[in-house]
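Below is one structure, written out as C-alpha cells; comments come after it.
The values are calculated or read from the model by the stated rules, or taken from the named source; none is laboratory data. Everything quoted here is computed from the prediction, not taken from an experiment. Here the Cβ positions follow ideal geometry from the backbone for every residue, glycine too, while neighbour counts run over all protein chains shown. The accessibility values were calculated without ligands, DNA or RNA, using every heavy atom of the protein model including side chains. Shrake-Rupley method; radii C 1.70, N 1.55, O 1.52, S 1.80 Å.
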Amino acid sequence: MNEVLVAYFTMEIALDSAMPTYAGGLGVLAGDTVRSAAELKVPMVAVTLLHRKGYFCQKIDASGWQREEPCDWDIDKHLEEQTPRVTVAIEGRVVCLRAWKYEAKAPGGFNVSVFFLDTDLPENSDWDRALTHFLYGGDACYRICQEVVLGIGGVRMLRALGFNALIRYHMNEGHAALLGLELLDESARKAGRRTFNHDDVESVRRQCVFTTHTPVTSGHDQFPLDLAMRVLSREEVANMKEVFCCEGTLNMTFLALNLSHYINGVAKKHAETSQLMFGHYKIDSITNGVHAATWTSPSFQALFDRHIPGWRADNFSLRFAHSLPLTEIWEAHVAAKQRLLERVRQDAGVTLDPKVLTLGFARRATAYKRSDLMVSDVSRLKHIAAKIGPLQIIYGGKAHPNDYQGKEAIQRIIRVKECLGHDIRLVYLPNYDLELGKLVTAGVDVWLNTPQPPLEASGTSGMKAALNGVPSLSILDGWWIEGWIEGETGWAIGEDCKMGRGHPDRTACDAAALYDKLEHVVVPLFYRDRDRFTDVMRHCISLNGSFFNTQRMVSQYVIKAYFE
C-alpha cells in the first residue's frame with residue numbers, strides 16, 4: 001500500500017445503480033472522480049460509509065406527494081469484506097468498525113480502492129449498528145456520530161489496512177472534517193506529546209485539501225458545541241476554539257477550512273461567492289467535470305469510436321467533434337431519445353412522440369433549484385406549444401426527506417400536468433438514479449436548469465447532456481457561466497434580469513426570460529432549422545464535452561492540490 005499517496009473522503013459515492021450509496025450530485029461527482037483517478041493512475045484510495053439502507057427509494061402517491069422507503073441492497077454481491085477492525089469513541093462508548101472494498105478499475109489495469117465503513121457488527125449496540133445504515137438520515141446526534149465514523153474511523157481504518165504513506169487527505173465537502181482531529185492526534189504522538197498544539201495544526205494543514213460544494217448555509221454541517229463535546233469527549237475541541245469552533249458551534253466547514261492548505265470551490269463563480277463567505281481564507285477554483293465514458297450514451301460512444309478513436313483515454317480529443325457529420329450526430333441523438341422514451345413508456349405508461357421537442361429537468365428537488373419555474377405560467381407555455389411548436393417535458397429528482405419545500409415543488413409540477421392536459425405532455429419519473437440519469441441527460445432535446453443565482457455551486461447534469469450533444473437552456477450560474485456561448489453551446493436565461501437574490505421580481509423576470517427564449521429562439525430553431533440546431537449540438541460536444549470532464553478536473557487537483 002506504500003505507493004498510495006492520496007486519500008479521498010466523501011460521505012456519499014455513486015459507483016453502481018445497484019449500490020444506492022449516493023443522494024445526488026455530490027456522490028455522482030465522487031464516483032466520477034474515482035473513475036478518472038484510476039484512468040490517470042493517480043495513487044488514490046477513497047473512504048465513505050456503507051449506507052446499508054441506501055438513501056431512499058422514492059414513491060410518488062396519488063396526490064403527487066413524495067414518500068420514502070428503505071432501499072436495501074446486496075452488499076456481498078458488490079463489495080468484499082476486509083479483515084481489519086478498528087474502533088472509535090462515541091459518547092464514551094467503544095464502537096467497532098469494519099470495511100468493505102470496491103475496486104474502481106480502469107481499462108489499463110490500474111485500480112482505485114474504495115472502502116465502505118460499516119458499524120453493523122455484533123460487538124456494537126443496536127443504535128451504533130445503525131450508524132452506517134442511512135445516508136443523511138436521523139437527527140443531529142446521528143449525523144455527527146456518522147461523521148466521527150467517516151473522519152476519525154476512516155483514518156484509523158486506512159492505517160489498519162496498511163496505507164501508511166499517505167501525504168494528502170482530500171475532504172469532498174466538510175462531512176469528513178473530523179479526520180483532522182485524528183491527524184492532529186497522530187502528529188502529537190509522533191512528537192512525543194499527549195495533546196496536540198499549534199505546531200500540529202500547521203503539520204496537518206500541509207496534508208489536507210478541502211473542496212467546498214455549496215454556498216447554501218444549510219449545506220454546511222454544524223453542531224451545538226455541547227453535543228459535539230458529549231459525542232467526542234475531547235476538551236481540546238473547546239480549548240482550541242480558533243480551530244474547532246465558530247459562533248458556539250462545531251462547524252465542519254470552518255474546521256475543514258482551518259485544517260487545509262488548499263481550498264477550492266467547484267466553479268469560478270462559486271469560488272468568488274465562497275471567497276465572500278469565507279473572507280479569511282484563500283479560495284481557488286477547480287470547475288467540476290463528469291466521467292465522459294460513463295455519461296456518453298451507447299449511440300454517441302459508437303459515433304465517437306468511428307471518428308475520434310482514443311476519446312476515452314483522452315477526453316480533450318472530443319474537440320475534434322467539430323468535424324462530425326451533422327447527419328450522424330442526429331442519428332445518434334434519435335437513438336438516445338428512443339431509449340429514453342421507451343423507459344418513459346415502461347415506467348410511466350406514457351407514450352411520448354419522438355418528433356416533438358422534449359425538454360428535460362432532472363436533479364435534486366429543493367427550493368433554490370426552482371424546478372417548477374418552467375411550469376409557472378401554464379397559459380404562456382400552452383401558447384408557445386400551440387403557436388410555435390409542440391412540447392414535451394420530462395422531470396425527475398428526489399427531495400430530501402425533510403425538505404418539505406422540495407416535496408411541495410414536486411407536487412406542484414405533478415398537479416400542473418392536469419392543467420396542461422393534452423396540449424403538453426408532462427412526465428415525472430420517480431426514483432431518479434444513475435441509470436435513469438444516463439437516459440434522461442442523453443435523450444432529451446434541450447436540458448433545462450433554472451437555479452436561483454448564485455446558489456448553484458457548479459451543477460454537472462448539463463455537462464452530461466453536452467457529451468451527448470444536448471444543449472442547455474440555463475440560468476447563468478455555476479459551470480454554465482464558463483460553458484455558455486449564446487447560440488453555440490446553448491442559450492442563457494435571464495441574462496438581463498439584474499435583481500439580486502431574493503428580490504420578489506427576480507423569479508418573474510427569469511420565468512418571462514425562459515418563455516421568451518423558448519418562443520423566439522429554441523422552439524423555432526428546433527422545428528425550422530434542423531441543421532443549425534444539430535450544429536449547436538456539435539458545438540456542445542466539441543467545446544464543452546471536451547473540457548468539462550473529470551479527466552481535466554482530476555488533472556487540476558493533481559497539479560494544484562495533491563503534488564504541488
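Note that segment 20-61, at 4 °C in a medium of 1.567 mPa s, gets a Stokes-Einstein diffusion coefficient of 108 µm²/s from its Kirkwood radius over C-alpha pairs.
Restricted to Cα atoms, the chain shows a radius of gyration and a Dmax of 23.7, 78 angstrom. Over the residues of the chain, the helix contribution to mean residue ellipticity at 222 nm works out to -10500 deg cm²/dmol, using -39500 (n - 2.57) for each DSSP H run of at least 4. Sorting 324-330, 347-353 by their mean Cβ neighbour count within 10 Å, with the most densely packed peptide first, gives 324-330, 347-353. For segment 349-362, putting each phi into the Karplus relation 6.51 cos²θ - 1.76 cosθ + 1.60 with θ = phi - 60° gives couplings of x, 10, 9, 8, 8, x, 8, 8, 4, 10, 9, x, 9, 8 Hz, in residue order, rounded to whole numbers and with x for Gly and Pro. Under 5 Å from the amide H of residue 250 lie the amide H atoms of 223, 225, each residue being 5 or more positions distant or on a separate chain, with H modelled from the backbone and absent for Pro and chain starts. Here the Karplus curve 6.51 cos²θ - 1.76 cosθ + 1.60, taken at θ = phi - 60°, turns the phi angles of segment 313-325 into couplings of 6, 9, 4, 4, 5, 5, 5, 6, 4, 4, 9, 5, x Hz, with x standing for Gly and Pro. The charge dipole of segment 59-148, taken about the Cα centre with unit charges on the Cβ atoms of Lys, Arg (+1) and Asp, Glu (-1), comes to about 280 debye, rounded to the nearest 20.
Amide H contacts of residue 170 (H built 1.01 Å from N, in plane; Pro and chain starts excluded): 7, 8, 9, 209 sit under 5 Å, all sequence-distant by 5 or more or on other chains.
Just how far, in whole angstrom, is segment 173-210 from segment 306-359 if you go by their alpha carbon centroids? What the calculation gives is 48 Å, centre to centre.
Measuring nothing but protein heavy atoms, the accessible surface of segment 123-268 at 1.4 Å probe radius is 50 percent carbon and sulfur.
Ordered from largest to smallest accessible area (heavy atoms of protein chains, 1.4 Å probe), the residues 125, 260 come out as 125, 260.
Take segment 85-211 with all the other protein chains still there, run a 1.4 Å probe, and you get 36 Å² of accessible area per residue.
Give the peptides 145-151, 459-465 in descending order of average Cβ contacts within 10 Å, highest first. Display every interim value, and only then the final one.
Working: 145-151: 25.3, 459-465: 27.3.
The most tightly packed comes first, giving 459-465, 145-151.
Along segment 289-302 the Karplus relation, 6.51 cos²θ - 1.76 cosθ + 1.60 evaluated at θ = phi - 60°, assigns HN-Hα couplings of x, 10, 7, 4, 5, 5, 9, 8, 5, x, 5, 6, 4, 5 Hz to successive residues, with x for each Gly and Pro. The peptide list 62-69, 315-322, 357-364, put in order of mean Cβ contacts within 10 Å with the highest first, becomes 357-364, 315-322, 62-69. Only alpha carbons enter this Debye calculation for segment 1-86, each as an equal point scatterer, and the log10 of I(q)/I(0) it gives at q = 0.20, 0.23 Å⁻¹ is -1.04, -1.22.
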